[in-house]
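Engineer: Have a look at this one.
Here, each number is a calculation from the coordinates, and none is a lab measurement. Model, not experiment: these values are computed from the prediction.
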Amino acid sequence: LINFNFYLIIFFKFYFAFNYLFIIIIKKGKNMEALFENTTFLNRDDLYKYQKSEVKKFILLASGLLLLVTIGISVPLALFVEIYLGAIMLIIGAVCSVVLLPYIINDGIKKQNAQLFSQTDIAIEFAFFQDEFSVQAKQNGESEKSASESYNYSQITKVSLYNVYMFIYTSPRTSLVLDRRNMTKGTSGEVASLFKSHGVKVIDKTKAVK
């Protein structure tokens, strides 16, 4: 005799297990769908003026510190050795603080951009999810992309928001750059709000660069 109840129980077990697995796959697919997307095309010359603004505070602090050190050396020289030696030291320190140090830092940014971008612009694709975001880059004209890098929002130290660019800092001195004009899904304002919701400090600098 065929035990129909036994086969009926087996059938419903497989049926409910299949439906449960199907629901999990659907939910996982929804969670993997990006909330916001952006494709940024970075031009090194256009980006440079925003990078200068980002390091302005650092240059002022470094120049001020160098000038203080110079004064600390030149004053004792002038008082206890020779006045002209102290004066020469002060002039050299002032030139280094006001002219040479800012030039070295800004020139370093230009050289870094030249090395990073080669002779072409670079395309960066951002995909923002609820708990993390991914970044993938390639040189314009090249078919192959770099490996995708993922970041948790807890890794971000701060976000600087300019009228055109968004600087996303993965460390105090290293940042990813997003062009706010090139959102392909959502808005840059929503991206900024997403960072804020994860406790990331977002600094509004929309009036800093004209």
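Engineer: State which entries of LYS56/LYS110; LYS110/LYS185; LYS52/LYS158 exceed 24 angstrom in Cα-Cα distance in the structure shown. Show your work: numbers first, answer last.
Structural biologist: Details: LYS56/LYS110 15 Å; LYS110/LYS185 31 Å; LYS52/LYS158 17 Å.
As for pairs spanning more than 24 Å Cα to Cα, those are LYS110/LYS185.
Engineer: Whole-Hz Karplus ³J(HN,Hα) for segment 102-111, in order, using 6.51 cos²θ - 1.76 cosθ + 1.60 and θ = phi - 60°, x for Gly and Pro?
Structural biologist: Each residue of segment 102-111 in turn: x, 5, 4, 5, 5, 5, x, 5, 4, 5 Hz.
Engineer: Counting only residues 5 or more places away or on other chains, whose amide H sits under 5 Å from the amide H of PHE129 once H atoms are built in the peptide plane?
Structural biologist: Placed amide hydrogens put LEU35, SER134 under 5 Å from PHE129.
Engineer: Check which residues have an amide H placed less than 5 Å from TYR165's amide H, if you skip close sequence neighbours.
Structural biologist: Amide H to amide H, under 5 Å and 5 or more residues apart or across chains, TYR165 pairs with ARG180.
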